[in-house]
2 protein chains.
Amino acid sequence: MTAVTIKDVAREARVSVASVSRALNGGNGVTAETGQRIREVAKRLRYVPHAAARSLITRRTNTIGALLPDLHGEFFSELIRGIDLAARARGFHLLVSSSHDSGEEAAAALRAMQGRVDGMLILSPRVDAAFLHANLPAALPTVLLNSAVKSKAYSVLNIDNYTGAHAMVQHLVETGHTQIAFITGPEKNFDAEQREMGYRAAMAKYAPDVAVNIVAGDFTEDSGYHAGRTLLAQPTHPQAVFAANDMMAVGCLYAFKEAGLNVPQDIALAGFDDIPIARYISPALTTVRVRIVDLGRSALEQLAALLENSDQPLTTAQTLGCEVIVRETCGKRLATPLPNRKQNSGIRSFLSGRES
Amino acid sequence: MTAVTIKDVAREARVSVASVSRALNGGNGVTAETGQRIREVAKRLRYVPHAAARSLITRRTNTIGALLPDLHGEFFSELIRGIDLAARARGFHLLVSSSHDSGEEAAAALRAMQGRVDGMLILSPRVDAAFLHANLPAALPTVLLNSAVKSKAYSVLNIDNYTGAHAMVQHLVETGHTQIAFITGPEKNFDAEQREMGYRAAMAKYAPDVAVNIVAGDFTEDSGYHAGRTLLAQPTHPQAVFAANDMMAVGCLYAFKEAGLNVPQDIALAGFDDIPIARYISPALTTVRVRIVDLGRSALEQLAALLENSDQPLTTAQTLGCEVIVRETCGKRLATPLPNRKQNSGIRSFLSGRES
DNA sequence: AATCTCCGTGAAAACGATTACGTTGGCGCC
DNA sequence: GGCGCCAACGTAATCGTTTTCACGGAGATT
């Protein structure tokens with residue numbers, strides 16, 4: 001039996017369990033000498049406090065839960081990395097539940113995490129306030145990522161899709177394109193909607209006399225390919241295509257190559273996300289970069305802040321900036337850029353007090 | 001206060017806590033009628049058993065821990081996906097600790113997980129038996145992934161790097177290349193060593209009269225680029241280059257393009273891993289695919305098997321097959337393939353009883 | 001010198017579940 | 001009708017911690 005408990009340490013150090021607990025935690029309430037002896041014994045016996053017993057009385061698990069949808073690739077791993085890094089730095093454990101594509105699965109996962117975590121990080125495009133209300137205990141501190149939910153009850157951390165898309169359109173205009181088409185993401189996807197809004201706004205601002213040209217996609221490479229073909233079938237094809245994510249841009253690029261078009265000479269192309277593939281395809285894809293590690297890290301830190309003053313919780317709404325990464329698919333910049341180009345990176349932050 | 005405990009349910013259902021526990025777990029020892037009533041009350045009150053309290057008495061956490069190194073990209077996310085899928089199916093939670101690049105960090109993470117998990121999944125290239133012995137309680141069921149450790153105390157699940165590399169060399173020979181160079185991975189990396197051994201063995205078998213041509217790499221794109229330049233600087237450059245992983249193959253490809261060589265006409269190229277980028281570069285990379293989701297899933301299932309009959313644990317050693325993915329970088333196959341080509345996929349398995 | 005104040009320490013009560021062990025009552029059998 | 005048995009249920013012990021409270025002694029204050 002390898003189960004060495006606090007009693008064993010106490011017996012060996014000739015003190016009570018209470019003193020052992022004190023020595024190993026705060027250190028207050030015991031002589032420096034006794035504390036030293038206790039710590040030595042604990043080390044020698046390889047004593048590790050029983051997490052369950054501790055959190056039974058403490059009402060803390062030192063664990064935070066992450067609920068993630070059916071994510072693939074770089075985005076997922078970078079996000080976890082960011083969360084994990086920040087969690088470790090603060091002594092939190094990370095309980096992960098990923099790959100949920102139905103709301104029912106997510107709800108079950110949420111319930112299963114009940115009582116095992118001190119707080120939750122939720123990234124789920126289709127989650128809404130009602131769902132959260134139904135499946136989350138109200139007292140559980142929660143940070144929502146990339147969520148459309150606006151509630152004083154939850155902290156929210158979003159990517160600044162709108163500004164990113166806006167900046168990309170601006171870049172396209174600056175490089176000499178005005179007939180800019182847009183390939184959308186899936187319906188009801190918050191990120192996708194924000195990007196489309198950024199596109200529309202920027203078009204209205206920088207190319208007010210050209211009509212928007214929007215075709216549907218769903219974030220898959222395949223849908224990008226078909227969107228590309230749809231665009232080429234138009235009477236006159238656009239000068240530039242802005243896909244709501246990189247995978248669709250890749251699919252679109254294939255459609256263009258297949259049709260014998262040269263990118264960017266015949267048609268320009270831009271994506272969103274800056275997935276690793278973006279720089280490896282040829283021509284390399286101009287896109288909008290999101291610092292995903294920072295997204296994860298910020299999310300955890302926001303949650304940690306909620307946990308620290310849980311007596312009077314301050315929910316926050318933050319937005320994580322993104323930046324245009326210029327590669328090859330949009331051609332050279334014109335000599336005279338548009339005025340008033342805004343740099344957009346870093347975090348903008350808005351605080352709002354929670355109703356008590 | 002949202003903390004509804006088993007007592008609340010008991011009071012509301014006019015039974016003892018014991019009956020509530022029985023009704024909610026086995027269901028044995030209570031009338032169907034009473035059980036029904038209790039379950040209804042529990043549901044109505046949204047009772048969720050307190051995980052810590054339960055595992056304090058049960059000595060089970062229903063959680064398994066995953067210790068992973070500083071992994072990036074697709075490999076990491078696919079692995080977690082496989083693990084998570086299998087874990088959810090079996091009702092296990094997943095505690096993740098990733099991004100360890102020093103042994104010291106990994107040891108700390110391992111200690112921190114003590115008592116929070118029923119079993120461990122460890123993927124760490126540099127972990128050895130001594131490290132495990134020092135940092136893992138002997139009683140904790142553990143599955144090692146991609147590990148050189150051979151011990152009856154742990155189950156091990158490896159990718160069949162050797163056979164995969166062997167098969168790739170065979171493919172290169174079949175497509176008409178005999179002067180095949182190899183770019184190694186980092187030293188002491190188990191996967192890298194196995195791949196090199198596969199290369200050497202296949203060369204000895206299929207091209208016994210040509211000397212092996214090995215240059216050093218470390219799995220990074222950059223090292224692949226430099227290795228490519230080194231190879232081109234040789235008096236006569238090889239007919240084909242087999243990089244121990246895809247990222248190095250990508251770097252190598254750049255070196256070749258830079259030198260004005262055409263792939264595969266002037267020189268063939270192959271990688272290992274089949275990362276997503278492999279199919280997007282041009283020419284698309286011929287490589288060896290590993291089903292990473294299956295790796296994760298198998299690892300968890302192996303661990304679950306250990307947990308189920310923990311009274312008499314049977315450690316296993318499994319090997320997960322991989323397959324050659326033929327794309328564009330190796331040119332066309334010759335008319336007459338070599339005889340005796342073995343298909344290699346699926347799982348081969350060896351059992352060994354643990355000393356008791 | 002008597003009292004007060006700390007400070008270090010130990011005893012014991014939580015925390016919320018599971019489960020071994022009693023207790024009860026109903027039923028069948030002799 | 002008495003006996004035993006079994007099913008249903010309750011009582012209470014238990015898991016390993018933290019934390020409150022009480023206690024005693026040493027030093028300070030009067």
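Worth pointing out:
- Within region B:297-310, tally of residues that are modelled with pLDDT under 95 and within 14 Å of chain A (Cβ to nearest Cβ): 1
- Residue count for region B:36-50 under the criterion of being surrounded by fewer than 19 Cβ atoms within 10 Å (Cβ to Cβ) and near DNA strand D (Cβ under 10 Å from one of its atoms): the result is 1.
- Qualifying residues in region B:42-84 (those that are polar (S, T, N, Q) and either at the interface with chain A (Cβ under 7 Å from one of its Cβ atoms) or not in a helix (DSSP H, G or I) (or both)) - the one nearest to A:Ile292 (Cα to Cα): B:Ser77
- Hey, A:Ser98 more than 10 Å from chain B (Cβ to nearest Cβ) and at pLDDT below 95 or not: no
Table: residues versus (1) surrounded by fewer than 22 Cβ atoms within 10 Å (Cβ to Cβ); (2) more than 14 Å from every other protein chain (Cβ to nearest Cβ); (3) in contact with a Gly (Cβ under 8 Å, 6 or more places away or on another chain).
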position: B:Asp218; (1), (2), (3): yes, yes, yes
position: B:Asp273; (1), (2), (3): no, no, no
position: B:Leu285; (1), (2), (3): no, no, yes
position: B:Asp294; (1), (2), (3): yes, yes, yes
position: B:Ala317; (1), (2), (3): yes, yes, no
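- A count restricted to region B:33-76 and to residues that are more than 16 Å from DNA strand C (Cβ to nearest atom) and farther than 29 Å from B:Ser124 by Cβ stands at 3.
- Residue identified as facing chain B (nearest Cβ under 8 Å) and surrounded by 20 or more Cβ atoms within 10 Å (Cβ to Cβ) among A:Ala138, A:Ala109, A:Ala87: A:Ala109
- Taken over region A:9-32, the criterion of being assigned to a helix (DSSP H, G or I), within 11 Å of DNA strand C (Cβ to nearest atom) and in contact with a helix residue (DSSP H, G or I) (Cβ under 6 Å, 6 or more places away or on another chain) is satisfied by A:Ala10, A:Ala13, A:Val17, A:Val20, A:Ala23.
- When residues of region B:1-23 are limited to those that are more than 14 Å from chain A (Cβ to nearest Cβ) and among the polar types (S, T, N, Q), the one farthest from DNA strand D (Cβ to nearest atom): B:Ser21
The values are calculated or read from the model by the stated rules, or taken from the named source; none is laboratory data. All figures in this text were calculated on a predicted structure; none of them were measured in a lab. Using ideal geometry, Cβ is built from the backbone for each residue, glycine included, and neighbour counts are taken over all protein chains shown.
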